1. A192 versus A83, label points 7 Å from Cα toward the beta carbon: distance in nm?
2. Counting only DSSP beta bridges with both residues in the chain, tell me the antiparallel percent, nearest 5.
3. Consider a paramagnetic label point 7 Å from the Cα of A59 along Cα→Cβ; state which residues of the stretch 6-46 have an amide N under 12 Å from it.
4. Grab the DSSP H runs of the chain that are 4 residues or longer, score each as -39,500 (n - 2.57), total them, divide by all residues and round the 222 nm result to the nearest 500 deg cm²/dmol.
5. Find how much the distance from S247 to T91 grows on full extension, using 0.36 nm per residue of separation minus their present alpha carbon separation; answer in nm with one decimal.
6. So how strong a dipole does the chain carry about its Cα centre when Lys and Arg Cβ are +1 and Asp and Glu Cβ are -1, to the nearest 20 debye?
7. In a GNM of the chain with a 10 Å cut-off on Cα contacts, which of H77, H302, H64 has the highest mean-square fluctuation?
8. Using a 1.4 angstrom probe with every protein chain in place, what is the largest-first accessible-area order of W237, W319?
Amino acid sequence: MKSSALVIGAGYGGLLTANRLAARGHRVTLVNERAEFVDRIRLHEYVAGTRDHATRPLATMLHHAVRFVQGRATRIHPGRTPAATLSDGSTHAADHLVLAVGSGAGLGPAGLDGATALRRQLHALPAGARVLINGAGLTGIETATEIATAHPALRVLLHDPAGPLPTSSLRNRDWLRQRLPRLGVDLTDQQAEADLTIDCTGFRVPALAAESGLPVDAHGRVLLDDTLAVRGHDNLWGVGDAAVMASRPLRMACAVAEPMGGHVADGIGRYAAGQPVRPFNFGFGLQCVSLGRDDAMIVFVHRDDRPTTARLTGRAGAWFKELVSTAAVVFPARFAQGYVWLGAPKRRPGRPAAIGAPA
Ligand SMILES: Cc1cc2nc3c(=O)[nH]c(=O)nc-3n(C[C@H](O)[C@H](O)[C@H](O)COP(=O)(O)OP(=O)(O)OC[C@H]3O[C@@H](n4cnc5c(N)ncnc54)[C@H](O)[C@@H]3O)c2cc1C
C-alpha cells in the first residue's frame, strides 16, 4: 500500500524525507518558502566571502515524482487527513504530514537572510574594525575562524562566559583555547564594543507548530514520541531542528535531521503497509567544527555524543570536514532511498534511487 505525504520544509531533513518517500512510490508534495535549497552548514563561509553562494535550485535536487509547491505554511491542521494552509490561502492535505521547518529564522548566520545582511556589513568594514561574535558553540567558532582567516585585517573577538565549546572535553577545549588565537580569534568572557556584532547564541525555531496548537517544548520545537510521530497524532511527524524527541532531546544538526528524515519516511511506509512503526534508533559518530578553510577539529564521539579521545585536526581535519559537508547535501539529493545512519535498521539491498531523473 502506498500513501500520500505533505512535507513542509525542504532543508536537509525535509528533502531526504520527500525524496525517500517518492523513490519508494508514495505520492509526495513538498512545500518550501524558496525554490532554492539553503546549504545552511556553509553560511559562515558565505558570510566571510570564502564562498560566493550557499544555495542551489531545489529542482535539481528533487526526485522527479515529488510535487513541489513554493509557499509558506501558516497553519497545520491535524486530523484524519492532516493539512496545511499556506500564506496565499491555499490548503494542501495528505494521509501524512511531516513538519521539517528547521531553525534558520532570525538574525545572524543561522539563516540565508541574516547571513546575506552580515556578508554585506562585513565587507564594508575598514581595516582594523572589530567584529564581535557572541556564543562560542560550534556555529560561533566556525563563523569567527572563517572571518578571521579570510579577513586578517579585522580584529575578531569570540565572546562566551563559558569559554569555547562548553559541551566538549577539557582536552578539546584547551586545544581550542590555544588554537583559536593562532587563527586570529581572541577569546573573551566580557562583552566588548564592536563595529559589527554577530549573534551565534542559538538557533530560533519558527512558531508554526506552537501557533497550530501542537505540543511544543520551551524552544517551540514540536514534541515527538519515540517513533518521531507528534505526540498524540499518528499521522503527523517531525523532522530536524524544528522537532524534538521528548524522551531523548538531540542537538540541532543536519547530522540528526537527515537520519530523522530517513526514519520518518520508513515509518510512513510501515504505517501504510499496516506494520508497527519502530522507535527511532540513532547514534552520533562525529562532532565536526571547521576552523577556516585549512584547519578543523573532528572529534569522534560515543553514540550519545560524548567525546572520545580520538580527534583529527589540521589540514587532514579540514579535508575530512569538507567531505562531510559535501555528503550532507549529496545524500538527501542523490541517495535518499538507500541512505543509512548509525543505528538504522538493516535493509534489504534495493535499486538505487533515480533522483533527479526527468519525469
Ligand atoms: C553556519 C552553520 C554551520 C553549521 N554546521 C553544521 C555542521 O557542520 N554539522 C551539522 O550537523 N549541522 C550544522 N549546522 C546546523 C544545520 O544547518 C541545521 O541543524 C540543519 O539545517 C537543520 O536541518 P532541517 O532540515 O531541520 O532544517 P533547515 O535546513 O533549517 O531547513 C528548513 C526549511 O524549511 C523552510 N521553512 C521554514 N518555515 C517554513 C514554512 N512556514 N513554510 C514552508 N517552508 C518553511 C526553510 O525555508 C528551509 O528551507 C550548521 C548551521 C549553521 C547556521
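The values are calculated or read from the model by the stated rules, or taken from the named source; none is laboratory data. All values derive from a computational prediction rather than experimental measurement. When we count neighbours, we look across all protein chains shown, and the Cβ atoms used for this are built from the backbone with ideal geometry, even at glycine. The accessibility values were calculated without ligands, DNA or RNA, using every heavy atom of the protein model including side chains. Shrake-Rupley method; radii C 1.70, N 1.55, O 1.52, S 1.80 Å.
1. 5.6
2. Percent antiparallel among DSSP bridges in the chain is about 40.
3. So the set is 35-36.
4. Values: 8 runs with 100 residues, N = 359.
About -8500 deg cm²/dmol.
5. Gain on extension, S247 to T91, equals 52.9 nm.
6. Result for the chain is approximately 1180 debye, rounded to the nearest 20.
7. Most flexible of the set in this elastic network: H302.
8. W319, W237
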